[in-house]
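Encoded as structure tokens, the structure appears first; notes follow it.
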Amino acid sequence: MSQALAFLAQREYANAIRRRVRRLREPRYLLALGAAIAYLALLLPRQSDVTPPAMAALPIEPFVTLAAAAMLLWGWLFADRRTPLEFTAAELTWLFPAPIPRRTLILYKLARWQLPLLLNSLLLTLLFSADRSPDVAVRRVLALWILLATLRLHRLAASLVRSRWFEPDAAGRRRSPAIVPALLWLGVLAWAAIDAADTPGMGAAIRQFSDHPAARAALLPLRLVVQPIFAVGAVTDWLLAIVPAGVVLALHVRWVVQSDARYSRLAALAASVAAPGDIDLREPAYERAPVSRTSLTISPTGSIVSALVWKQLAPFTRRDRLLRTSLAAMVALVICLLLRTVHAGELAAIVAAMLTVMTGAVVIAGPQLIRVDLRRELARWDMLRALPISGAVLLRGLGTATVVAVGAVQLAGLLLLVMLDAGTAAGWPGGTSSLVLRALVLLPPLNVLGSLVALGGAVLFPAWSAPLVRRGGLDALGTNLLTLVGYLASLAMLMTLPLLSLFAVLGADLLLHPPPLAALLGLATYWGTAAAEAWLLLTWLGRRFERTDRAVAGLG
């Protein structure tokens with residue numbers, strides 16, 4: 001039976017390579033692949049053979065450990081409670097009725113993950129490793145593979161555990177989530193962070209935190225998995241580090257395999273599969289957990305735009321997701337308050353810089369990064385065109401949902417920057433409050449035009465957006481790069497006229513303290529120019545959407 005599964009995996013990999021090579025006949029895939037290769041080629045020459053002293057002085061290993069801990073915490077809080085294991089319709093039809101143990105099928109799917117993880121490990125080694133000698137590179141690739149495999153297995157196991165929280169037991173009662181252990185774990189890390197916050201110097205503070213007994217105990221499994229990456233110099237040291245990491249990986253495999261009871265009813269489902277396409281175990285209709293109700297209510301009568309906004313935002317306002325989001329917001333708020341009250345100094349400045357970069361990315365490219373518009377509805381293209389509403393009204397509703405979602409994320413980032421007082425530390429005139437006030441006034445037109453640019457990309461080039469839903473690889477990276485460059489270029493052209501009108505009225509006073517009357521006149525011209533462009537663009541895109549057929553758009 002193992003030989004049959006090995007043959008199946010071999011043919012699947014071979015067919016996947018053939019499909020990707022055949023896809024290169026289409027210009028969009030060829031351009032995307034070329035863009036990805038050019039991007040990676042630009043990164044490779046930047047890696048020197050000698051590590052700079054400043055980089056050598058930084059505690060890179062604790063950084064990686066903390067980053068891995070943040071990824072795992074994010075998975076427990078925000079990851080979908082549906083399992084990331086996927087089985088195609090053919091696998092459900094032919095494998096599950098076969099005399100194959102369920103654990104064998106799960107191990108088969110886990111084994112299918114390993115080749116992409118090894119390729120990612122090789123790419124990370126080429127990009128970020130200063131020593132590219134063959135023996136060191138092989139050891140580092142294997143160490144990175146263990147880290148990536150452990151993180152993915154932990155995410156899968158966490159998804160299985162979280163799914164059981166939302167499933168009723170034999171008596172019909174919901175199981176209680178393990179909130180107390182998670183809060184205790186976070187409390188232990190917070191205790192170590194507070195003790196290390198007063199340490200002068202960022203590197204010394206991180207070393208003090210990582211050497212704290214509480215942090216060492218809480219992060220022990222992650223430290224064991226990360227340690228082999230930085231112990232590649234001597235073979236003996238690497239072997240001594242790789243063995244505990246392999247034990248942690250084996251324990252995760254055992255954890256996942258022992259959770260195979262969730263798939264006990266797949267064989268019964270496989271006999272009734274009739275629809276073509278993939279069946280995703282992340283959304284099993286036969287054992288779907290009760291979905292929590294949304295916190296947004298809508299009237300049976302009202303405007304079409306408000307109904308479309310409700311439809312797009314309803315999945316993000318379900319009570320369980322709002323609870324996790326509120327918990328994460330409270331944790332971020334507490335961290336910012338601690339950094340400000342304990343006078344963390346360099347640590348607070350670095351956190352503020354990182355938060356500024358992330359908020360700036362959402363400000364500049366938020367509508368392109370947050371997909372709550374037409375790009376999520378490309379599979380329903382014909383159904384949307386059949387609705388008894390104009391294309392402009394449809395796009396206005398979808399674009400409004402994007403503006404609301406992006407604005408909420410931007411507002412959260414700005415509030416955290418206010419808590420850290422990042423504007424005053426950066427020397428902004430008027431401090432952080434002045435910076436946030438200007439952002440609240442200037443961002444809405446930017447978000448509106450950005451949402452229309454994202455909608456325009458989906459309307460004019462839908463085939464470039466559709467494959468991003470469930471596709472990976474170099475062509476996906478290249479497609480993301482090309483669409484991001486196109487988005488930024490289009491947004492820059494659209495914002496040129498509103499910004500010129502604003503500077504024509506205010507001039508250099510925009511960054512200082514303009515007179516109230518001049519400020520009102522400048523904002524009126526800025527908002528009015530952006531509104532006129534948005535109306536013209538929305539009308540044109542609506543007509544173009546109404547005339548575009550699904551087959552012509554390249555969606556099948």
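Every number here is computed from the coordinates shown, using simple stated rules; none is lab data. This structure is a prediction, so every number in the text was calculated from the model and none was measured. For neighbour counting, all protein chains shown are included, and Cβ atoms are generated from backbone atoms with ideal geometry for every residue, glycine included.
Points to keep in mind about this one:
- Proximity of backbone amide H atoms, modeled 1.01 Å from N, is registered between Arg318 and Ser295 at under 5 Å, excluding neighbours fewer than 5 places apart on the same chain.
- The modelled label-to-label distance between Arg112 and Arg22, using points 7 Å beyond Cα along the C-beta direction, is 1.9 nm.
- Ordering of 7-19, 389-401, 25-37 by packing [mean C-beta count within 10 Å, highest first]: 389-401, 25-37, 7-19
- For segment 1-46: rounded, prolate or oblate by the Cα gyration tensor [a/c cutoff 1.5]: oblate
- Computed extension gain for Gln3 through Leu43, at 0.36 nm per residue and net of the alpha carbon distance, reaches 10.3 nm.
- Pair Leu411, Ala492: separation of 7 Å Cα→Cβ label points (nm): 3.1 nm
- The amide H of Gly473, built 1.01 Å from its N in the peptide plane, has no neighbour under 5 Å, considering only residues 5 or more places off or on other chains.
- Extending 7 Å from the Cα toward the beta-carbon at both Leu220 and Val243 defines two label points whose distance is 1.8 nm.
- Karplus 3J(HN,Hα) series, Hz, for segment 400-407 with 6.51 cos²θ - 1.76 cosθ + 1.60 (x for Gly, Pro): 5, 4, 5, 4, 5, 5, 5, x
- Full-stretch length increase - Val393, Leu126 - with 0.36 nm per residue and alpha-carbon distance subtracted: 91.3 nm
- Contour excess over end-to-end distance, with Cα ends at Trp74 and Arg544 and 0.36 nm allotted per residue: 165.2 nm
- Here the residues Tyr487, Tyr39, ranked from fewest to most Cβ neighbours within 10 Å of their Cβ, fall in the order Tyr39, Tyr487.
- Count Lys and Arg as plus one, Asp and Glu as minus one, and take only other residues whose Cβ is under 13 Å from that of Gln312; the net charge is then +4.
- Förster radius 22 Å - calculated FRET efficiency between Ala328 and Leu251, Cβ distance, rounded to 0.05: 0.20
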